[in-house]
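Student: A single structure is presented below for examination.
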Amino acid sequence: MPAKPTQTLERATPESQGISSSAILKFVEAAESQLHELHSFMLLRHGKVVAEGWWSPFERQHPHMLFSLSKSFTSTAVGLAVAEGRFSLDDTVISFFPDEAPKKPNKHLAKMQVRHLLSMSTGHDIDTTDLMVNGSDGKWVKGFFEVPVIHKPGTHFLYNTGATYMLSAIVQKTTGQRLIKYLKPRLFEPLGIKNPTWQVSPEGVDTGGFGLSITTGDIANFGQLYLQKGMWGGEQLLPAGWVEEASAFHVKNGDDPKSDWAQGYGYQFWRSQHNAYRGDGAFGQYCVVLPEQDAVLAITSGLGDMQQPLNLVWEFLLPAIGDAPKKANSSAYKKLTEKLSTLNIAPVDGETKSSKAAKVSGKVWTLDRNDYGLKSLALTFGKSGCTFTLKRGRTEETIKVGIGSWEAGKLRFIDRLPDKITAAIVASGAWADKDTFRLVIRFYETPFYQSFDFHFGKDELTVKTRVNVSFQPIETVVIKGIPA
């Protein structure tokens, strides 16, 4: 029988839990003015939700890609498996994979233990991920072992997503279940996490270090579980000792007192300023646990600078958390709730009409060879919006584009980030000038959006496109087209 959720987070006013509504409002306003791409947040105090908001078209029911925040869930699976006696942190990594490990491993690889995978102190000089993922045979475990281990394990910190994949592989090897299936009755179902998804390697192993998608509320529940030292609804889901060990300082990773990436590293959790700790993922996915303040903060976003939102947390939220309930402030609370109920990312700004629209509507443009593999496109304008048709190889897709609004649909990723994934989208467009139509497609279950400027010349189309964030340098790609 599936485990039923045993605890539901209650809602409460910020003041009743010792936090100023006006301070939360200042945090939200600062995020909007400085960050521009926050997607959601939930703030918990004493186990109660005191503020939450989603910037439409992002909504509470939408899952969001976690990227490396997935690592903290993998760590949790390791803690559960160790508690069940499946393996120990002192076991060597090569002992689990006799067929994939080298027959004569060097002395450092031979001594690498599970705990070193957890603390990112495997002894590697480079992240093993690229060599694992891009190997021609698709055998990621074997690829991990092929990367030289230069340092004595436990002595050298290097952020290494490949190490987390190996943890996932160890859990699967010792339990006979994929990570996501193993966690379902032990973590996901008790926390009320519905329909989690996790990317899978060619070996049939959950990627571990990335690839998990869940909602903001799910992230908040996970953080609250750790804040409660593994207790949930009166049940000890996760050993308290594991919570303490996983969130503790295990290895030094820098000296900058103002950087939240230089406060030490635990077991797939980062230590933070102000004695906090967190799981986080690329482009601004956070689960921040503040034990001294009895608070949790969950955030999703699409940001290039991941220190920025944490700086706002330390500037606006941390000082506002008091030891005792505050006097009710109905005026401040009303302003906050009104703001949170109207959060949105505006549709594309510009003119709704252009004299050029009728001349180019429905015209098919053949495109020059490009990295995206786009062969042709067409924009068809109507009274209330337009449609965007693109052809890639033999596949043709059409989406609706709102003008002055967002229009929902489905589309394959256009950029090369997680290629070949069909995703939920919203699209909006407007005329930037009489010859240029601007289109933005948001993949709202991810941090990404892609913008397009279609400039219609006399007999030529010029498309300028870029993504908001990427693991590669962000560049504007220019594609030329001619009438088909």
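Student: Could you run through segment 33-58 and say how many residues are free of Cβ contacts under 8 Å to residues at least 40 places away in the same chain and under 28 Å from ALA408 (Cα atoms)?
Tutor: Count: 2.
Student: Right, something else. Could you look through segment 1-15, keep only residues that are polar (S, T, N, Q) and crowded, with 16+ Cβ neighbours inside 10 Å, and pick out the one that is modelled with the highest pLDDT?
Tutor: THR13
Student: On to the next question. Working only within segment 310-345, note down all residues that are exposed (fewer than 15 other Cβ atoms within 10 Å of the Cβ) and of a type in the set (A, V, I, L, M, F, W, C).
Tutor: Result: ALA324, ALA328.
Student: Any chance you could count how many residues in segment 110-146 are under 23 Å from the mean Cα position of the chain (by Cα) and closer than 20 Å to VAL205 by Cβ?
Tutor: The number of residues fulfilling the criteria is 12.
Student: So if I check each of ALA408, ALA427, which one is modelled with pLDDT of 95 or more and over 20 Å from VAL477 (Cα atoms)? Steps first, please.
Tutor: On the way: ALA427 fails: over 20 Å from VAL477 (Cα atoms).
Going through ALA408, ALA427 in turn, just one is modelled with pLDDT of 95 or more and over 20 Å from VAL477 (Cα atoms): ALA408.
Student: Something else now. For segment 376-389, enumerate the residues that are modelled with pLDDT of 95 or more and either out of contact with any helix residue (DSSP H, G or I) (no Cβ under 7 Å at 6 or more places or on another chain) or not aromatic (Phe, Trp, Tyr) (or both).
Tutor: SER376, LEU377, ALA378, LEU379, THR380, CYS386, THR387, PHE388, THR389
Student: Under the condition of being touching a His at 6+ places or on another chain (Cβ under 6 Å) and crowded, with 19+ Cβ neighbours inside 10 Å, which residue from segment 286-304 is farthest from MET42 (Cα to Cα)?
Tutor: SER301
Student: Let me ask something else. Tally time: how many residues in segment 454-477 are closer than 18 Å to ILE425 by Cβ and either touching a Pro at 6+ places or on another chain (Cβ under 8 Å) or surrounded by fewer than 17 Cβ atoms within 10 Å (Cβ to Cβ) (or both)?
Tutor: Looking only at that region, the number is 3.
Student: Looking at GLN307, GLN263, can you tell me which residue is surrounded by fewer than 24 Cβ atoms within 10 Å (Cβ to Cβ) and more than 21 Å from SER75 (Cβ to Cβ)? Break it down into steps so the answer makes sense when it comes.
Tutor: Numbers: GLN263 fails: more than 21 Å from SER75 (Cβ to Cβ).
Exactly one residue qualifies, and that residue is GLN307.
Student: Among the residues of segment 147-171, which ones are more than 23 Å from the chain's Cα centre (by Cα) and without any contact (Cβ under 8 Å) to a residue 40 or more places away in the chain?
Tutor: VAL147, THR155, HIS156
Student: Hey, another quick one. I want to confirm something. Restricting to segment 437-453 and keeping residues that are among the hydroxyl-bearing types (Ser, Thr, Tyr) and in contact (Cβ under 8 Å) with a residue 60 or more places away in the chain, which single residue is surrounded by the fewest Cβ atoms within 10 Å (Cβ to Cβ)?
Tutor: TYR449
Student: Restricting to segment 245-304, count the residues that are aromatic (Phe, Trp, Tyr) and closer than 23 Å to GLU32 by Cβ.
Tutor: The qualifying residues number 2.
Student: Identify the residue in segment 73-114 that is hydroxyl-bearing (Ser, Thr, Tyr) and crowded, with 16+ Cβ neighbours inside 10 Å and, among all such residues, is farthest from HIS39 (Cα to Cα).
Tutor: Keep residues of segment 73-114 that are hydroxyl-bearing (Ser, Thr, Tyr), which gives 74-76, 88, 92, 95.
Applying the additional criterion that residues be crowded, with 16+ Cβ neighbours inside 10 Å yields 74-76, 92.
Working: THR74: 24, SER75: 26, THR76: 26, THR92: 41 Å.
The qualifying residue farthest from HIS39 (Cα to Cα) is THR92.
Student: So, in segment 16-72, how many residues would count as being surrounded by fewer than 21 Cβ atoms within 10 Å (Cβ to Cβ), part of a strand (DSSP E or B) and not hydrophobic (A, V, I, L, M, F, W, C)?
Tutor: The qualifying residues number 3.
Student: Of the numbered conditions (1) within 29 Å of ASP305 (Cα to Cα); (2) touching a residue at least 24 places away in the same chain (Cβ under 8 Å), LYS363 fails exactly one; give the number of that condition.
Tutor: Unmet for LYS363, out of (1) within 29 Å of ASP305 (Cα to Cα); (2) touching a residue at least 24 places away in the same chain (Cβ under 8 Å): (1).
Student: Can you work out which of the residues in segment 244-260 that are touching a residue at least 60 places away in the same chain (Cβ under 8 Å) and buried (at least 20 other Cβ atoms within 10 Å of the Cβ) is farthest from the chain's Cα centre (by Cα)?
Tutor: Within segment 244-260, the match that is farthest from the chain's Cα centre (by Cα) is HIS250.
Yes or no, residue by residue, for (1) in the same structural domain as THR465 (by TED's automatic domain parsing); (2) surrounded by fewer than 13 Cβ atoms within 10 Å (Cβ to Cβ); (3) not basic (Lys, Arg):
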| residue | (1), (2), (3) |
| --- | --- |
| LEU367 | yes, no, yes |
| GLY382 | yes, yes, yes |
| PHE388 | yes, no, yes |
| LYS391 | yes, no, no |
| ARG394 | yes, yes, no |
| LYS400 | yes, no, no |
| LEU411 | yes, no, yes |
| ILE414 | yes, no, yes |
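Student: Can you name the strands (runs of 3 or more DSSP E) wholly within segment 225-320 that have at least 2 residues being acidic (Asp, Glu) and farther than 16 Å from TYR159 by Cα? Explain how you work it out, then say what you get.
Tutor: Numbers: elements: 277-281, 285-290, 295-301.
Those strands (runs of 3 or more DSSP E) do not exist here; none qualify.
Student: Could you please give the count of residues in segment 429-476 that are within 25 Å of the chain's Cα centre (by Cα), in a strand (DSSP E or B) and not basic (Lys, Arg)?
Tutor: Of the residues in segment 429-476, 9 are within 25 Å of the chain's Cα centre (by Cα), in a strand (DSSP E or B) and not basic (Lys, Arg).
Student: Report, by residue number, each residue of segment 446-459 that is farther than 22 Å from THR387 by Cβ and in contact with a strand residue (DSSP E or B) (Cβ under 8 Å, 6 or more places away or on another chain).
Tutor: THR446, PRO447, ASP459
Student: Here are GLU315, GLU292, GLU338: which of them is touching a residue at least 60 places away in the same chain (Cβ under 8 Å) and on the phi < 0 side of the Ramachandran plot?
Tutor: The unique qualifying residue is GLU315.
Student: Taking the options LYS359, LYS410, LYS353, name whichever one is of a type in the set (Lys, Arg) and assigned to a strand (DSSP E or B).
Tutor: LYS410
The values are calculated or read from the model by the stated rules, or taken from the named source; none is laboratory data. What you see is a predicted model; the values in this text were computed from it and never measured. Methodologically, a virtual Cβ is constructed for each residue, glycine included, from the backbone with ideal geometry; neighbour enumeration extends over all protein chains shown.
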